[in-house]
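K.L.:
Shown below is the structure under consideration.
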Amino acid sequence: MQAALDEARQRGIQAVSLSVDPNNAAIRLYRRFGFEEMGMCGTSITMLCQLHPAL
């Protein structure tokens, strides 16, 4: 996960989103990497991670 976020940051991507089932324990992992719940889309939670520019 960290490698994917680092690559996105290096490419100048400002944010990454994902959808996850509310019963999926991976939600805790996503939160640790900076994803925040933005709402529901159908039966999935949409999460967003704002990326800060690489130094």
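K.L.:
Would you check which residues across region 1-33 are in a strand (DSSP E or B) and within 9 Å of the chain's Cα centre (by Cα) and list them?
P.N.:
Taking region 1-33 as the starting set, the residues that turn out to be in a strand (DSSP E or B) are 15-20.
A15, V16, S17, L18, S19 - these are the residues of region 1-33 that are in a strand (DSSP E or B) and within 9 Å of the chain's Cα centre (by Cα).
K.L.:
Give me the residue from region 16-33 that is surrounded by 11 or more Cβ atoms within 10 Å (Cβ to Cβ) and aliphatic (A, V, I, L, M) and, out of that set, nearest to Q50 (Cα to Cα).
P.N.:
V16
K.L.:
Specify the residue that is modelled with the lowest pLDDT; the eligible residues are those in region 34-49 that are open to solvent by 60 Å² or more (accessible area, probe 1.4 Å) and either assigned to a loop (DSSP other than H, G, I, E, B) or touching an Asp or Glu at 6+ places or on another chain (Cβ under 9 Å) (or both).
P.N.:
G42
K.L.:
Find all pairs meeting these conditions: Cβ atoms under 8 angstrom apart; at least six residues apart or on different chains; first residue within region 27-38 and without any contact (Cβ under 8 Å) to a residue 12 or more places away in the chain; second residue of a type in the set (S, T, N, Q) and open to solvent by less than 60 Å² (accessible area, probe 1.4 Å).
P.N.:
As it stands, the answer is E37/T46, since those pairs meet every condition given.
The values are calculated or read from the model by the stated rules, or taken from the named source; none is laboratory data. Since the model is a prediction, treat every value here as computed from it, not as a measurement. All Cβ positions, glycine included, derive from the backbone under ideal geometry; neighbour counts span all protein chains shown. Quick note on the areas: whole protein, heavy atoms, side chains included, nothing else; ligands and nucleic acids left out. Shrake-Rupley method; radii C 1.70, N 1.55, O 1.52, S 1.80 Å.
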